[in-house]
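Trainee: This is the structure I have questions about; it appears just below.
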């Protein structure tokens, strides 16, 4: 039973993190903390690091703390560990998809893909970045791609 609870805690947290990322992106990054997120939209710099990268540190803290306090030291691991791991693995997936695949901020492992889901993800993110200001944004989530982009890529691929 403990394995089931821990597995559900991990998967539930990983899934819930998309909602957290969407909410934070829309209601925090595109509002009162736009000053940190702006340089991600307005590529008027050649720096590797952006002010926007500060969010990575802030979002990593709960995962790190939950993993730390969920590991009891004597080999006992409680549910906090699995919740923290869900947050951390989501963060890693986000960095790999967003920073490496989409924005190619590191030597890209995957420049192009024929995978419909990845093509739809790239298109949705492009739509988000067409708005240089904090207003009128769309597609604030990331790993969950709106179905209209998946359908469009499926149709494009069959033509």
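The values are calculated or read from the model by the stated rules, or taken from the named source; none is laboratory data. Keep in mind that what you see is a predicted model, and the values were worked out from it rather than measured. Quick reminder, even Gly has a Cβ in these numbers, built from the backbone with ideal geometry, and neighbours come from all protein chains shown.
Trainee: List every residue pair whose Cβ atoms sit under 8 Å apart, with the two residues 6 or more apart in sequence or on different chains, where the first one lies in region 1-21 and is touching a residue at least 60 places away in the same chain (Cβ under 8 Å) and at positive phi and the second, anywhere, is assigned to a helix (DSSP H, G or I) and surrounded by fewer than 14 Cβ atoms within 10 Å (Cβ to Cβ).
Mentor: Within 8 Å, no pair qualifies.
Trainee: I've got another one for you. All but one of (1) within 17 Å of residue 129 (Cα to Cα); (2) in contact (Cβ under 8 Å) with a residue 60 or more places away in the chain hold for residue 35, so report the exception by its number.
Mentor: Among (1) within 17 Å of residue 129 (Cα to Cα); (2) in contact (Cβ under 8 Å) with a residue 60 or more places away in the chain, the lone unmet condition for residue 35 is (2).
Trainee: Just a yes or no: is a residue in region 18-30 outside any helix (DSSP H, G or I) and in contact with a strand residue (DSSP E or B) (Cβ under 6 Å, 6 or more places away or on another chain)? Talk me through it step by step, then tell me what you get.
Mentor: We begin by selecting, within region 18-30, every residue outside any helix (DSSP H, G or I); these are 30.
Still in the list and also in contact with a strand residue (DSSP E or B) (Cβ under 6 Å, 6 or more places away or on another chain): none.
No, region 18-30 contains no residue that is outside any helix (DSSP H, G or I) and in contact with a strand residue (DSSP E or B) (Cβ under 6 Å, 6 or more places away or on another chain).
Trainee: Of all residues in region 70-94, which are exposed (fewer than 15 other Cβ atoms within 10 Å of the Cβ) and in a helix (DSSP H, G or I)?
Mentor: 92
Trainee: Looking only at region 108-117, decide whether some residue is closer than 22 Å to residue 26 by Cα, modelled with pLDDT of 80 or more and either surrounded by 12 or more Cβ atoms within 10 Å (Cβ to Cβ) or within 16 Å of the chain's Cα centre (by Cα) (or both). Working first, answer last.
Mentor: If we filter region 108-117 for residues that are closer than 22 Å to residue 26 by Cα, which is where we start, we get none.
No, that holds for no residue.
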